[in-house]
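To start, the structure under review is shown below, and the notes come after it.
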Amino acid sequence: METPRTPLQPPTFGNLITVLSIDGGGIRGIIPGIVLAFLESQLQKLDGEEARLADYFDVVAGTSTGGLVTAMLTAPDDQNRPLFAAKDIKDFYLHHCPKIFPQNCCPFSAASKLVKSLAGPRYNGRYLHKLAKEKLGEIRLHQTLTNVVIPTFDIKNLQPIIFSSYEVKKNQKIDALLSDICLGTSAAPTYLPAHHFETKDFMGTSKEFHLIDGGVAANNPALVAIGEVTKEITRGSQDFFTINANDYTRFLVVSLGTGSRKYEDKYSAQNAAKWGILGWLAADNSSPLIDVFTDASSDMVDFHLSAVFRALNCGDNYLRIQDDTLAGDLCSVDTATEANLENLVRVGEELLKKQVSRVSLETGPFDPVNHNTNEEELISVAEVLSKEKRLRDLRSPHGKMAEKMNP
């Protein structure tokens, strides 16, 4: 029987600040789910079967479907361990997505989706609401097993709302139920209804939230996560007292995308020039408007972070894993047929075997970064994460070594 695992000790006892980021993308969340299962399996080879991703990352950030995965990986169960192992994500999506996004099998399903989008959200969201409440119960933001950062967008105030474990320490009004946060960040316009709820602080003062999909603000939340850590450092947190706020060489960032259209399958100006409201909402069995703002957000964050890490000669500290070869139903965020979901599983498995690549604003398609595959890079990341956790346990007065000396 393995000894109980100690919580991840703060970065001040180690060499790195570890960040995991997961993009939005509806049913395509299966793709990063496959990647996460592989990474966790490598950690288990090093540190035992009970190892979980929350034991190694200082902060897990997720938007929309990535926010759901974030909650799955960091919400505590009755034993104060993660509610889900990473290997459970695939089956969770395969089982629940067809019920979240029920498919119309009639020959005119595409037209039916368009009509629904004009009259209201395509899906009523009731199954997702019930599922989130059942799985997450009364768990609140401050109770996650490691720090989380989940972007949303408040439609009433027209501004982003970031649910952050760091911010909740000084602002009790954002200590919402994790289920409400997940329902808010995943409320994609035209797909799922906006989500409203209230919180109260210890004085009884309430705050209302009117939330839609966090992808409106930050479909790739990696930069938001780094920003939240940086704010915490500048506040003088004891968790970071040996670290400078602008020292990116101390960050290790793993950023996972949910896939995007292959270059040849993207939209053209000739077609877009003819679109009105209907065309922008539903062309080629997708929603170009949503594709535009989510892909733009994700790629710009990737472009910025890769440039910064390279400029600081620490390019190996930033790993972005994304697939830019999707076509047809694979591009959809809601085509939850059995066949399409299984195909997305294969996309994730094949992505592990592909070369590490990075978005290129010059050429369009992703360019290879080195000769390593994503799988090889993740094996190296697992080794770094394991070494970092062991170092913190050794240095911290609350780590495993301290437990052995003071049982």
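The values are calculated or read from the model by the stated rules, or taken from the named source; none is laboratory data. Note that the structure is predicted; figures quoted are calculated from it, not measured. We place every Cβ from the backbone using ideal geometry, glycine too, and count neighbours over all the protein chains shown. Areas reflect the complete protein model, heavy atoms only, side chains present, ligands, DNA and RNA absent. Shrake-Rupley method; radii C 1.70, N 1.55, O 1.52, S 1.80 Å.
Some values worked out for this structure:
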item	result
Whole-percent carbon and sulfur share, accessible surface of the chain, 1.4 Å	55 percent
Degrees separating the helix 126-136 axis from the principal Cα axis of the chain, which is the longest one	10 degrees
Probe 1.4 Å, protein heavy atoms only - accessible area per residue of the chain in square angstrom	45 Å²
Between helix 288-311 and the chain: long-axis angle, C-alpha atoms, 0 to 90°, nearest 10	30 degrees
Per-residue [θ]222 nm for the chain (sum of -39500 (n - 2.57) over DSSP H runs n ≥ 4, rounded to 500)	-12500 deg cm²/dmol
Cα gyration tensor category, rounded, prolate or oblate, for segment 142-224 with a/c compared to 1.5	oblate
Length released on extending from E383 to H398, taking residue separation times 0.36 nm less the Cα-Cα span	3.2 nm
Highest-MSF residue in the chain out of M72, M300, M203 [GNM, Cα springs under 10 Å]	M203
Helix 222-234 vs. the chain, principal-axis angle (Cα, 0 to 90°, nearest 10)	40 degrees
By average C-beta atoms within 10 angstrom, highest first, the peptides 216-224, 336-344	216-224, 336-344
Estimated inter-spin distance, N370 and E342, nm [label 7 Å along Cα→Cβ]	3.7 nm
Residue among K90, K135, K45 with the largest mean-square fluctuation in a Gaussian network model of the chain, springs linking Cα atoms under 10 Å	K45
Entries of K87/K170; K266/K354; K135/K207 with Cα pairs more than 32 Å apart	K87/K170
Rounded, prolate or oblate (a/c below 1.5 giving rounded, otherwise prolate when a/b exceeds b/c) for segment 69-220 by Cα gyration tensor	oblate
Nearest-0.05 FRET efficiency for T242 and Y267, computed from C-beta distance (R0 60 Å)	0.80
GNM result for the chain, Cα springs below 10 Å: residue of G62, G276, G29 fluctuating most strongly	G276
Distance between modelled label sites at R310 and T249, nm, 7 Å Cα→Cβ extension	1.9 nm
Restricting segment 170-241 to trypsin sites (Lys or Arg not before Pro) in coil, as DSSP defines it, with at most 15 other Cβ within 10 Å	K170, R235
19 Å Cα-Cα threshold exceeded, pairs from K99/K130; K90/K387; K45/K389; K130/K200; K99/K156; K130/K156	K90/K387; K130/K200; K99/K156; K130/K156
For the chain: rounded, prolate or oblate by the Cα gyration tensor [a/c cutoff 1.5]	prolate
